[in-house]
Amino acid sequence: MKMTFNILNQPAECCSTSSSYSTSESSLPIAIIGAGPVGLAAAAQLATKNLPFILFEKGSEVGANIRTWGHVRLFSPWKYNIDQSAKHLLLQTDWQEPNEEIVPTGNELIDQYLIPLANLEMIKPFINTNHEIIAITLKLNDKMKSKNRDSQSFYLYVQSEGEIKTVEVRAVLNATGTWGNPNPAQGNGVWLPEEKSMKARIDYHIPDVEAHQTDYANKKIAVIGGGHSAINSLINLVKLQEKAPDTEITWILRKNSIEQAYGGEQNDALPERGALGLRIRQLVEEDKIKVITPFYISTLIDEGTISIIGNYSEEEITLKGFDRLIVNTGSRPNYTINSELRYSIDPITESVTAIAPLIDPNVHSCGTVRPHGEAELRQPEKDFYVVGSKSYGRAPTFLMATGYEQVRSITSYLAGDVESAKRVELTLPETGVCSSGISGCC
Ligand SMILES: Cc1cc2nc3c(=O)[nH]c(=O)nc-3n(C[C@H](O)[C@H](O)[C@H](O)COP(=O)(O)OP(=O)(O)OC[C@H]3O[C@@H](n4cnc5c(N)ncnc54)[C@H](O)[C@@H]3O)c2cc1C
């Protein structure tokens, strides 16, 4: 059964049963897909600008991706984690503003900021959790048809409780992130059936080792990956090793030298991130962790325990006997829902094309990512934008503050304020040290 959104009342029950409803395009809402920090910042921006919007989140709560790593401490303090429009709205309520110098965990980010934001009266009625967007298209045209493209509204196909409904909107901000779509263990990026068949013994996120001790205590574990997620996983495993001394920890990376994984350490402008580098160096030097680098994994084999085959010093070797793997090799965007739209992504990073030269980790360190806005994020499909961490594709350097500026600029443009859309209103922390090692969060 097809259903059409009723614009007059954009309630949490988003989709009216009236298929005969008609309205002018300008009064249609703007759709935000994904209630992560960037999707919610877009909602705050649109509420502030008095533009109608509707937000769809496939998880059962806002910040659903972050909740999966909620036990992990971020590296940026509150002052970089709160969108300015959101802050302005929250300060008009009895919200307790967190101390701006403190670095929250993922759970604190959700509970102390995202949930209060989502509960604001000008935002809450327009959020639909447990609603997954499965496709976006133009009202009348498929991707091939060029006639009248720019004057058409969009149709979203929304799945909820086993039903698929259609919703008509004026513009779309795809803020669906990449966290749910991890890279495999294999060095060449290919997902093989062998790896998929072992998924029950492989974590693709940062596991809460303390809460699930029996999975890791006195086991032989390999952590794969050279970024902050891997470092967080390793530090948690070492904490467990102190209580369960037979826990064996192997760190497998592709870096030419382990020094490259330590990052800026004491020179990092984000001290929490620098501290991760300092701590992991210490643990490696104390032999708490066995390091194998550069190692290029070619396949995994299930031999009761997991064997890892790969190239090390130009020779193929097999590392045997692992009970579990933690694969923290980053994540990649899934663009399936965009496939009936005309969109453009970079062939290397899979980021929005125009920002690729700013963020390609082969070229740039964290500190060199320039803030950018609507002009860089504009897609061939008019009024369709990919924002937030998804706009960076596979590049790992995304910061929430960058996403907040993206949606500030885009929502200004959609409100007709082209001058404001062009302005860059963001100062990022100086973190040029990242060029010496870890580039980005994970
Ligand atoms: C461990 C870790 C630590 C980090 N630390 C920092 C830090 O200190 N500072 C910083 O600035 N950044 C940090 N980041 C990077 C980044 O800011 C976060 O990943 C942030 O969550 C990205 O926000 P987002 O809104 O773009 O995407 P997400 O938070 O990933 O949100 C996307 C949302 O979209 C929903 N969704 C997905 N598909 C659909 C669909 N089809 N329909 C409806 N909803 C959908 C998801 O359920 C999710 O809620 C960190 C990242 C990680 C992984």
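Rule-based calculations on the coordinates, nothing more; no lab input. Since the structure is predicted, the reported quantities are computational estimates derived from the model, not experimental observations. Glycine gets a Cβ as well: all are built from the backbone with ideal geometry, and neighbour counts include every protein chain shown.
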*Sort 276-282, 400-406 for me by packing, meaning the mean count of neighbouring Cβ atoms within 10 Å per residue, highest on top.*
400-406, 276-282
*Taking the Cα centre of the chain as origin and charging only Cβ (+1 Lys, Arg; -1 Asp, Glu), how large is the dipole, in debye to the nearest 20?*
900 debye
_Contact order normalised by length for the chain, with contacts defined as Cα pairs under 8 Å and 6 or more residues apart; what percent is it?_
17 percent
_Shape verdict for region 90-159, please, from the Cα gyration tensor: rounded (a/c under 1.5), prolate (a/b greater than b/c) or oblate._
prolate
*Quick one: grab the alpha carbon gyration tensor of region 267-402, order the square roots of its eigenvalues as a ≥ b ≥ c, and give me rounded if a/c is under 1.5, else prolate or oblate depending on whether a/b is larger than b/c.*
oblate
*Starting from the Cα gyration tensor of region 193-327, take the square roots of the eigenvalues, sort them a ≥ b ≥ c, and report rounded, prolate or oblate (rounded when a/c is under 1.5, otherwise prolate if a/b is larger than b/c, else oblate).*
oblate
*asked:* What's the magnitude of the charge dipole for region 193-327 around its Cα centre, counting Lys and Arg as +1 and Asp and Glu as -1 at the beta-carbon? Answer in Debye, nearest 20.
replied: 180 debye
*In region 150-235, chymotrypsin sites (Phe, Trp or Tyr not before Pro) in a DSSP loop with at most 13 other beta-carbon atoms within 10 Å*: Trp191
*For n ≥ 4 DSSP H runs only, could you compute -39500 (n - 2.57) per run for the chain, divide by its residues and tell me the 222 nm figure to the nearest 500?*
-6000 deg cm²/dmol
*Reach of Lys145 by Cα under 25 Å, taken over lysines that are not fewer than 8 positions away in the same chain*: Lys2, Lys165, Lys382
*In degrees, nearest 10, range 0 to 90: what is the angle between the Cα axis of helix 37-48 and the longest Cα principal axis of the chain?*
20 degrees
*Put +1 on the Cβ of each Lys and Arg and -1 on the Cβ of each Asp and Glu in the chain; which of Asn130, Ile224, Ala415 then has its Cα farthest toward the positive end of the dipole?*
Ala415
*Which is farthest toward the positive dipole end of the chain among Thr247, Pro294, Tyr392, measuring Cα position about the Cα centre, with Cβ charges +1 (Lys, Arg) and -1 (Asp, Glu)?*
Tyr392
_Inter-centroid distance (Cα atoms) of region 177-198 relative to region 264-317, Å_ = 18 Å
*Nearest 20 debye, what's the magnitude of the dipole of region 62-142 about its Cα centre given +1 on Lys and Arg Cβ and -1 on Asp and Glu Cβ?*
160 debye
*If one puts a single equal scatterer on every Cα of the chain and applies the Debye formula without solvent, what log₁₀ I(q)/I(0) results at q = 0.08, 0.11 Å⁻¹?*
-0.47, -0.88
*Nearest 10 degrees, 0 to 90: helix 228-243 Cα axis against the chain principal axis*: 50 degrees
_Cα long-axis angle, helix 271-285 against the chain (0 to 90 degrees, to the nearest 10)_ = 20 degrees
